[in-house]
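Below: the structure, in structure tokens.
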Amino acid sequence: MSNNKEKLFAEFTAPTTQEWLDKIQVDLKGADFEKKLVWRTNEGFNVQPFYRREDVLKLKTPDALPGEFPFVRGNKKDNNVWYVRQNIDAADAKAANAKALDVLNKGVDSLGFRIPGDCVSEEFVRTLLNDIYCECVDLNFSTCKRHSVELARILTAYFEEKGYDKDKIYGSVDWDPIEKMVMNGKDTSALLSIAAELTEVLKDYRHFRCISVNTVSLNNAGAYIVQELGYALAWGNEYLTQLVEAGVEPTLAASKIKFNMGISENYFMEIAKFRAARMLWAEIVRQYEPKCDCACKMCVNATTTSYNLTLFDSYVNLLRTQTEAMSAALAGVYSIVVTPFDAPYETPTDFSERIARNQQLLLKEESHFDKVVDPSAGSYFIEELTNSLADAAWKLFLKVEDEGGFLAAVKAGSVQDDINATNTKRHGDAAKRKEFLLGTNQFPNFTEKSDGKQPVCGCKCGCKTDNASENAFKAIQSTRLAADYEQLRLQTEQSGKVPVAFMLTIGNLAWRQARAQFSSNFLACAGYKIIDNLGFSSVEEGVDAALKAGADIVVLCSSDDEYATYAIPAFQYLNNRAMFIVAGAPACSDELKAAGIENFVHVKCNVLETLKEYNQKLGI
């Protein structure tokens, strides 16, 4: 068999890169290679349409081994197991405990408790952790940063009272005062002085971290991948520097830092992000000369982003969060939180939380993602992405360091300005459908109603900060990417009269069908009722049918050449009895405009602004 294979492959000569390029150029038939096939990423670098072994040979990442410095291929050698985490509101200790015990029997092995600051007490912690065997669960706690040391002391006393093995306690206390500074503009710098004390309290618990880098907040505010990665490194280095300067031994300091990062929809880029993050963080920590390389391991809890979640067609959120969770799992993170699909419009229900848990369990139990370490290793594409992301993020890291470090950059507002600019750009791209949100600005569900759903505002969706003028520093102001479209569609639905858009299809079959489909998707983004048609023999017949159907909008759908024949007669026959729209941007547009036709829909339109204008004209 082996001899036959050798003979078979011997018949083929491996083409060179230039031969591939020559063949591609022939197939392009004179089109520009760079414009047609080279992808300019939002992260600031180009991605080629294909890569070959010779491209990867120049990189260092393929030479790395799993579980070894610089940990680009993961922190483990023998498996890819991650913790399935669920966050729980712990305002009521007894209720939170009951919920925790319930979900621990349903596949969850990591808990995140959000405890109000005024609830922190020994009694509260006892009730919260009752019957939870802490050596078998990854435990994470978030509370008011002013109460974090108190919480840490209570936890360690509880663990010691129960006789737990300190080396078997895994988890974290989410202490990150810089997050409030960068996100809300609040001056919490006075709290930075307690970092060393917090670390000292938990120094004997080597798997329990207490200094957090919450770049998931940047992710939820629309940050591009390279921004989250670059700022994560600078953010973490800020804390590491402050700890070491406060007298904390570098190995201990590094081992207490945990990264809570987001996962966006860019599947392969996210895999590369976590690989690059581990590699770069390892290099940063090594400069502090820790006692062992184990201190250079980056611990990442990854949470699927809320930035791209939608209120309408919300089950599509399951597709988004599933691919995001896949990225993080394949990239070898420590733990994953899947955001429930209904989070944009309600407190997640038991059903949505169950689905969120099962999304991870499917990756483990059905797809066996936990069995193979760094399965993306050796992929020419992902190795190149890892290297390119690392280069771009490192430049951003150095830029922040040149500004005096992350804290100084936050106080100066450069970080906030950068993220706000990206958020503004992304909302603009969504408005023009340069960035797609399936079910919102592209292929919306024509017949869906909100059924009373309203957007939930709060820190999870990055809503705009109140009393921004009173803040000490600039704040990040962001909403979910779909928020503008949702507001428009809710406005239409709540107006009491949903406009009817009638497709007057006539002429060339292929063109009229294509333009009717385009126009239907375009107008349905505002929640209009769509009536499509097979075709009419005359514009008069089409207009009569539209008025009989109670149309508020008549959209003429035909070919560019035929608009010169059909558009003006249709417009004049309609005689302002409904809004008239031409689907496309024909060469005769000036002539049509001169005849009084004002409305055109085509691929170069700003969809959101056009629909807002139509709502205004329709009295909505």
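The values are calculated or read from the model by the stated rules, or taken from the named source; none is laboratory data. Because the structure is predicted, anything quoted here is derived from the model rather than measured. All Cβ positions, even for glycine, are placed from backbone atoms using ideal geometry, and neighbour counts span all protein chains on display. These accessible areas exclude ligands, DNA and RNA; they are computed on the full protein's heavy atoms, side chains included. Shrake-Rupley method; radii C 1.70, N 1.55, O 1.52, S 1.80 Å.
Could you tell me which numbered condition residue 352 fails, if it satisfies all but one of (1) among the small types (Gly, Ala, Ser); (2) crowded, with 22+ Cβ neighbours inside 10 Å; (3) over 28 Å from residue 44 (Cα atoms)?
Going through the list (1) among the small types (Gly, Ala, Ser); (2) crowded, with 22+ Cβ neighbours inside 10 Å; (3) over 28 Å from residue 44 (Cα atoms), residue 352 breaks only (2).
Looking at residue 358, is it assigned to a helix (DSSP H, G or I), surrounded by fewer than 17 Cβ atoms within 10 Å (Cβ to Cβ), in contact (Cβ under 8 Å) with a residue 40 or more places away in the chain and not aliphatic (A, V, I, L, M)?
Working: assigned to a helix (DSSP H, G or I): yes; surrounded by fewer than 17 Cβ atoms within 10 Å (Cβ to Cβ): yes; in contact (Cβ under 8 Å) with a residue 40 or more places away in the chain: yes; not aliphatic (A, V, I, L, M): yes.
Judged against the criteria, residue 358 is a match.
Looking at 258, 273 in this structure, which one is within 18 Å of residue 206 (Cα to Cα) and among the charged types (D, E, K, R)?
Details: 273 fails: within 18 Å of residue 206 (Cα to Cα).
Just one listed residue meets the conditions, 258.
Only one of (1) open to solvent by 50 Å² or more (accessible area, probe 1.4 Å); (2) within 24 Å of residue 134 (Cβ to Cβ) fails for residue 156. Which number is that?
(1)
Quick one: would you say residue 178 is of a type in the set (A, V, I, L, M, F, W, C) and either open to solvent by 20 Å² or more (accessible area, probe 1.4 Å) or in contact with a Cys (Cβ under 9 Å, 6 or more places away or on another chain) (or both)? Talk me through it step by step, then tell me what you get.
Values: of a type in the set (A, V, I, L, M, F, W, C): yes; either open to solvent by 20 Å² or more (accessible area, probe 1.4 Å) or in contact with a Cys (Cβ under 9 Å, 6 or more places away or on another chain) (or both): no.
Taking the combined requirement at face value, the residue does not satisfy it.
For the stretch 242-264, enumerate the residues that are of a type in the set (D, E, K, R) and surrounded by fewer than 21 Cβ atoms within 10 Å (Cβ to Cβ).
If the condition is that a residue be of a type in the set (D, E, K, R) and surrounded by fewer than 21 Cβ atoms within 10 Å (Cβ to Cβ), then 245, 249 are the ones that fit.
Check 239, 267 and return the single one that is among the aromatic types (Phe, Trp, Tyr) and open to solvent by less than 10 Å² (accessible area, probe 1.4 Å). Before you say what the answer is, go through the steps one by one.
Numbers: 267 fails: open to solvent by less than 10 Å² (accessible area, probe 1.4 Å).
Exactly one of 239, 267 is among the aromatic types (Phe, Trp, Tyr) and open to solvent by less than 10 Å² (accessible area, probe 1.4 Å), namely 239.
What number of residues in the stretch 281-291 are surrounded by 24 or more Cβ atoms within 10 Å (Cβ to Cβ) and of a type outside the set (Val, Ile, Thr)?
First pass over the stretch 281-291, keeping only residues surrounded by 24 or more Cβ atoms within 10 Å (Cβ to Cβ): 281, 285.
If we keep only those that are of a type outside the set (Val, Ile, Thr) as well, we get 281.
Summing the residues that are surrounded by 24 or more Cβ atoms within 10 Å (Cβ to Cβ) and of a type outside the set (Val, Ile, Thr) in the stretch 281-291 gives 1.
Does any residue of the stretch 339-349 turn out to be part of a helix (DSSP H, G or I), touching a residue at least 24 places away in the same chain (Cβ under 8 Å) and open to solvent by 10 Å² or more (accessible area, probe 1.4 Å)?
First, the residues of the stretch 339-349 that are part of a helix (DSSP H, G or I): none.
No - not one qualifying residue is present in the stretch 339-349.
Out of all the residues in the stretch 220-241, which are under 21 Å from residue 177 (Cβ atoms) and in contact with a Gly (Cβ under 9 Å, 6 or more places away or on another chain)?
Within the stretch 220-241, 220, 221, 223, 228, 234, 237, 238, 241 meet the criteria.
This table checks each residue for (1) open to solvent by less than 60 Å² (accessible area, probe 1.4 Å); (2) among the aromatic types (Phe, Trp, Tyr); (3) in contact with an Asp or Glu (Cβ under 8 Å, 6 or more places away or on another chain).
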position	(1), (2), (3)
149	yes, no, yes
160	no, no, no
168	no, no, yes
172	yes, no, no
206	no, no, yes
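Any residue in the stretch 72-88 that's under 25 Å from residue 101 (Cα atoms): show its pairings with residues that are among the acidic types (Asp, Glu) and crowded, with 21+ Cβ neighbours inside 10 Å at Cβ separation under 6 Å, as long as the two are six or more apart or on different chains.
Sorted first by the residue in the stretch 72-88, then by its partner, the pairs are 83/138.
Pull up the stretch 32-45, narrow it to residues that are surrounded by 11 or more Cβ atoms within 10 Å (Cβ to Cβ) and not charged (D, E, K, R), then point me to the one that is nearest to the chain's Cα centre (by Cα).
The qualifying residue nearest to the chain's Cα centre (by Cα) is 42.
Residues in the stretch 256-286 that are over 21 Å from residue 64 (Cβ atoms) and in a helix (DSSP H, G or I): how many? Reasoning before the result, please.
Pass one, the stretch 256-286, residues over 21 Å from residue 64 (Cβ atoms): 256-258, 260, 262-267.
Remaining after also requiring in a helix (DSSP H, G or I): 267.
The qualifying residues number 1.
Answer with yes or no whether residue 217 is open to solvent by 10 Å² or more (accessible area, probe 1.4 Å) and within 16 Å of residue 183 (Cα to Cα). Before you say what the answer is, go through the steps one by one.
On the way: open to solvent by 10 Å² or more (accessible area, probe 1.4 Å): yes; within 16 Å of residue 183 (Cα to Cα): yes.
Criteria met by residue 217.
What are the pairs with Cβ atoms under 7 angstrom where one residue, in the stretch 190-209, is farther than 21 Å from residue 168 by Cβ and the other, located anywhere, is assigned to a helix (DSSP H, G or I) and open to solvent by 30 Å² or more (accessible area, probe 1.4 Å)? Sequence gap at least six, or different chains.
Here the result reads 191/146; 192/242; 195/242, each pair linking the stretch 190-209 to a residue that is assigned to a helix (DSSP H, G or I) and open to solvent by 30 Å² or more (accessible area, probe 1.4 Å).
Which of the residues belonging to the stretch 361-396 are closer than 30 Å to residue 284 by Cα, of a type in the set (S, T, N, Q) and surrounded by fewer than 20 Cβ atoms within 10 Å (Cβ to Cβ)?
Initial filter on the stretch 361-396 (closer than 30 Å to residue 284 by Cα): 369-396.
Narrowing further to those that are of a type in the set (S, T, N, Q): 376, 379, 386-388.
The one that is closer than 30 Å to residue 284 by Cα, of a type in the set (S, T, N, Q) and surrounded by fewer than 20 Cβ atoms within 10 Å (Cβ to Cβ): 379.
Quick check on residue 22: is it open to solvent by 40 Å² or more (accessible area, probe 1.4 Å) and in a loop (DSSP other than H, G, I, E, B)? Walk me through it before giving the result.
Numbers: open to solvent by 40 Å² or more (accessible area, probe 1.4 Å): yes; in a loop (DSSP other than H, G, I, E, B): no.
No: the conditions fail for residue 22.
Just need a number here: residues in the stretch 508-536 that are open to solvent by less than 10 Å² (accessible area, probe 1.4 Å), in contact with a strand residue (DSSP E or B) (Cβ under 7 Å, 6 or more places away or on another chain) and of a type in the set (A, V, I, L, M).
Total meeting the criteria: 3.
For every residue, the table says whether it meets (1) under 25 Å from residue 169 (Cβ atoms); (2) of a type in the set (A, V, I, L, M, F, W, C).
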site: 241; (1), (2): no, no
site: 246; (1), (2): yes, yes
site: 289; (1), (2): no, no
site: 297; (1), (2): yes, no
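Yes/no per residue for (1) open to solvent by less than 10 Å² (accessible area, probe 1.4 Å); (2) closer than 20 Å to residue 171 by Cα:
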{"residue": "293", "(1), (2)": "no, no"}
{"residue": "308", "(1), (2)": "yes, no"}
{"residue": "326", "(1), (2)": "no, no"}
{"residue": "332", "(1), (2)": "no, yes"}
